[in-house]
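One structure below.
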């Protein structure tokens, strides 16, 4: 078992592929925060942060459920099911 310390508090869903990671969630107003970064031997280095919204630009409803499976985040909102893959999230080298 391996662990990677990080400063992302309250994340509820995880997507990972190779060394790239996305953590979704946080406490209070950060429920829609998406922190993206890379794993190294010591920790998770967050390189980008985003706010997740629905495809029409509306904020995620409070009762939205997000499940991470491999490189994908599955967003379940009402009767709708969305998929956000790590390949869809811009990648910076910062």
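The values are calculated or read from the model by the stated rules, or taken from the named source; none is laboratory data. Given the structure is predicted, the values throughout are model-derived calculations rather than measurements. For neighbour counting, all protein chains shown are included, and Cβ atoms are generated from backbone atoms with ideal geometry for every residue, glycine included.
Summary of computed values
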| quantity | calculated |
| --- | --- |
| Flag for residue 31 being more than 22 Å from residue 4 (Cβ to Cβ), under 13 Å from the mean Cα position of the chain (by Cα) and modelled with pLDDT of 95 or more | no |
| Residue list for the range 22-35, filter: more than 15 Å from residue 64 (Cα to Cα) and free of Cβ contacts under 8 Å to residues at least 60 places away in the same chain | 23, 35 |
| Scan of the range 51-61 for residues that are loosely packed, with under 15 Cβ neighbours inside 10 Å and within 18 Å of residue 8 (Cα to Cα), ordered by number | 51 |
| Positions within the range 41-59 being in a loop (DSSP other than H, G, I, E, B) and modelled with pLDDT of 90 or more, in sequence order | 52, 54, 55, 56, 57, 58 |
| Residue selected from the range 67-78 under the condition outside any strand (DSSP E or B) and modelled with pLDDT of 95 or more, by the criterion surrounded by the most Cβ atoms within 10 Å (Cβ to Cβ) | 71 |
| Among the candidates 38, 64, 47, 2, residue that is touching a residue at least 40 places away in the same chain (Cβ under 8 Å) and either surrounded by fewer than 17 Cβ atoms within 10 Å (Cβ to Cβ) or in contact with a strand residue (DSSP E or B) (Cβ under 6 Å, 6 or more places away or on another chain) (or both) | 47 |
